[in-house]
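The values are calculated or read from the model by the stated rules, or taken from the named source; none is laboratory data. The model shown is predicted, which means the values in this text are computed figures rather than measured ones. As a convention, Cβ positions derive from the backbone with ideal geometry for all residues, glycine included, and neighbour counts pool all protein chains shown. The accessibility values were calculated without ligands, DNA or RNA, using every heavy atom of the protein model including side chains. Shrake-Rupley method; radii C 1.70, N 1.55, O 1.52, S 1.80 Å.
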Amino acid sequence: MKQKISVLMDGELFEDEAASLLDHIKRGSDVHKDWEVYHLIGDVLRQPDHIHCSLSAKVRERLQDEPTVLAPRGRAVKQRMRTFALSAAASLSAVGVVAWMSLQISPEVAPQMAMQQTALRPVSMQIPANSNDYLIAHQEFSPSTDMNGSASYISTVSYSRDEAPVKNNPDEK
Amino acid sequence: MTDREVDQQLVERVQRGDKHAFDLLVSKYQRKLGRLISRFVRDPAEAEDVTQDAFIKAYRALPGFRGESAFYTWLYRIGINTAKNHLLANKRRAPTSTPFDAEESESFEEASLLREVNTPENELMSKQVVDVVQASLQQLPEDLRSALMLREIEGLSYEEIASVMNCPIGTVRSRIFRAREAVAENLRPLLETSKGKRW
């Protein structure tokens, strides 16, 4: 029991154990004395020049004349409920934002976009031959490529369909 | 359960009508609050009365305490106001006009002043208590003494002490308790003999 008091005053006891210990302290005066002596030791170690008589007994006497205080019953519960409600609201709004964002990019849209891209690819356009040099010189500034700045280090190879493919040498057969 | 949570649990018990829980808070904070009030009210007897008044005011105001700040921070404000009101009622000025907070008050030293105005009897008793605690501490094995000092002076958690002393948390818990109990064993006879003085 004394060890539990020591642990409680250090703030290292679990909540349920603390609750039962405080119930016990309420019933037993010896346990209360241990609590008081342990705190006195701590105060002496921290501030040996500021030790004075205990006021507990005097305050206790004066408290006997005081009406018992009672907080409005729902206050503590309301406080906890408010904390819970706020945290729940924050969680729900976070979930809502995530859900809304995921709806914006729905699974049906993504394949459609991919299909559109693939549909665009086969389209060929004739680029004037004299613009090739211009495009090659400025391709690193193109916003459509992910390789901005690095494109100048890539050597380009052109291929034309008009050129007849090189046929294998029939003598090799 | 942290120290603040222990206080909060005691406060909630008082708010449910448990006066005894308030005793525990008084035992815990009486010297801390007394030190604070003695910065305003120099006479020890008056300072003691004002400290009691502050506790009674705190008890009356507890239904309104919602736990938004730590209990001691709240008690500290009541202590300051009670001390200032006491000085105003006696038409004296507070020794300081600049605001200061609870943390500053902990480091403020006015020991020499307190010693000057303290009664010889109280001073002797204070000295005896301090001597017994310090002598008991010196008699403790090194590991127990270190564990207690790390906790009480340095304010380390059990986990931190376990790390410093390179031992399990359970050992720290046991060492601190054994150290406290060894000192308390030597202190109890002195406290019993001076019961009239309510040490």
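General remarks:
- With all protein chains modelled, accessible area of B:Glu123 [1.4 Å, Å²]: 70 Å²
- Heavy-atom accessible surface that A and B bury in contact, both chains counted, 1.4 Å, Å² to 100: 6600 Å²
- Each residue, A:His138 and A:Gln64, gets one label point 7 Å from its Cα in the Cβ direction; the gap between the two is 9.9 nm.
- Simple label model, 7 Å out from Cα along Cβ direction - B:Asp43 to A:Ser20, nm: 5.1 nm
- With R₀ set to 35 Å, the beta-carbon distance separating A:Gln47 from A:Ser91 gives a calculated FRET efficiency near 0.20.
- Distant-in-sequence amide contacts of B:Val41, defined by a placed amide H-H separation under 5 Å and a gap of 5 or more residues or a different chain, comprise nothing.
- Greater than 18 Å apart at Cα, pairs in A:Lys58/B:Lys84; A:Lys33/A:Lys58; A:Lys4/A:Lys33; A:Lys2/B:Lys28: A:Lys58/B:Lys84
- Taking N as the residue count of the range B:1-99, its C-alpha radius of gyration divided by 2.2 N^0.38 Å amounts to 1.10.
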